[in-house]
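Here's the structure we're looking at; comments come further down.
The values are calculated or read from the model by the stated rules, or taken from the named source; none is laboratory data. Everything numeric in this text was worked out from a predicted model, so none of it was measured. When we count neighbours, we look across all protein chains shown, and the Cβ atoms used for this are built from the backbone with ideal geometry, even at glycine.
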Amino acid sequence: MSDVTDQVINVVAVEYLNEYKLKITFNDGNSKIVDFEAFLRKSRHPDIQKYLEIEKFKEFSIVDGNLDWNDFELCFPVNDLYNGTIF
């Protein structure tokens, strides 16, 4: 019998909902709605703050099972996304 905790979790789909919220679906069938606004607003780094521009924020993609913006300029550990907690 396979233990689900041994499964590698990947992002398989991302849907923009509104503002800074994305619905993220994982390869095990689970989905989470993650709000990135607090993270983006508390950052003082200009490379991160530029994603407060909604059109820029919406330019995400899935690369090798990861949620990615601009060739990993902005990305998060899949485990954090899966838990719905980003810092």
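Key figures
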read-out: Pair list, Cβ under 8 Å, 6 or more apart: segment 18-31 residue among the aliphatic types (A, V, I, L, M), other residue at pLDDT 95 or above and in a loop (DSSP other than H, G, I, E, B); value: LEU22/PHE36
read-out: Hey, PHE72 free of Cβ contacts under 8 Å to residues at least 40 places away in the same chain, exposed (fewer than 12 other Cβ atoms within 10 Å of the Cβ), in a loop (DSSP other than H, G, I, E, B) and under 13 Å from the mean Cα position of the chain (by Cα) or not; value: yes
read-out: Residue satisfying all of: in segment 32-45; more than 10 Å from the chain's Cα centre (by Cα), under 16 Å from PHE76 (Cβ atoms) and not aliphatic (A, V, I, L, M); surrounded by the most Cβ atoms within 10 Å (Cβ to Cβ) among these; value: PHE39
read-out: From ILE62, ILE48, residue being within 14 Å of VAL14 (Cβ to Cβ) and surrounded by 11 or more Cβ atoms within 10 Å (Cβ to Cβ); value: ILE62
read-out: Pick from segment 32-45, criterion of a type outside the set (S, T, N, Q) and free of Cβ contacts under 8 Å to residues at least 12 places away in the same chain, ranking: farthest from ASN10 (Cα to Cα); value: ARG44
read-out: Residue tally, condition of a type in the set (Ser, Thr, Tyr) and outside any strand (DSSP E or B), over segment 17-65; value: 3
read-out: Hits in segment 75-87 (condition: without any contact (Cβ under 8 Å) to a residue 60 or more places away in the chain and either within 21 Å of VAL8 (Cα to Cα) or surrounded by 14 or more Cβ atoms within 10 Å (Cβ to Cβ) (or both)); value: CYS75, PHE76, PRO77, ASP80, ASN83, GLY84, THR85, ILE86
